[in-house]
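Only one structure is covered here, and it is reproduced in the block below.
The values are calculated or read from the model by the stated rules, or taken from the named source; none is laboratory data. Everything quoted here is computed from the prediction, not taken from an experiment. Using ideal geometry, Cβ is built from the backbone for each residue, glycine included, and neighbour counts are taken over all protein chains shown. The area values use the complete protein model at the heavy-atom level, side chains included, leaving out ligands, DNA and RNA. Shrake-Rupley method; radii C 1.70, N 1.55, O 1.52, S 1.80 Å.
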Amino acid sequence: MSWLILIFSGALEAVWAAALHRSKGFRKPIPTAVFLVSVIASMAGLAIAMQSIPTGTAYAVWVGVGVVLTATYAMVTKVERATTARLLLLAGIGACVVGLKVVA
């Protein structure tokens, strides 16, 4: 269950990152509210997962999931270009996250 919470918390990291971008410096209330709720939930999930997953592993997986999903969202919404190198590097991060689960 801790791993599911950790993956969901990593996904929420992507949500708060996107909401932070859309809040335009906290000037837009709805994205700002989404940011606040998702950042608190993301941190809480990480804290819960760290009770049974080693800190370094949990943090690396949380950040890795957040990075891959945030970058994917940016490419899908055309904020960033989806280059071959970027896709390969993101796949590498994803593979490392899976690897951490396998060896943990």
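In the stretch 1-69, what trypsin sites (Lys or Arg not before Pro) fall in a loop by DSSP, with at most 14 other Cβ atoms inside 10 Å? Present the calculation step by step, with values, prior to reporting the outcome.
Working: sites: 22, 24, 27; in loops: 24, 27.
Those that pass, being in a loop and sparsely packed, are 24, 27.
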Residue-level accessible surface for residue 68, protein heavy atoms, 1.4 Å, Å²: 30
Ordered by residue, what ³J(HN,Hα) values in Hz, to whole numbers, does the stretch 73-82 give under the Karplus form 6.51 cos²θ - 1.76 cosθ + 1.60, where θ = phi - 60° and Gly and Pro are x? 4, 5, 6, 5, 8, 6, 6, 10, 7, 9
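Probe radius 1.4 Å, ligands and nucleic acids ignored: give me the carbon and sulfur share of the accessible area of the chain as a rounded percent. Working shown, then result.
Values: 4800 of 6420 Å².
Looking at the chain in its full context, I get 75 percent from C and S.
Per the helix-only calculation at 222 nm, which mean residue ellipticity applies to the chain, given -39500 (n - 2.57) for every DSSP H run of n ≥ 4 and division by its residues, nearest 500 deg cm²/dmol?
Theoretical 222 nm ellipticity from helices: -28000 deg cm²/dmol.
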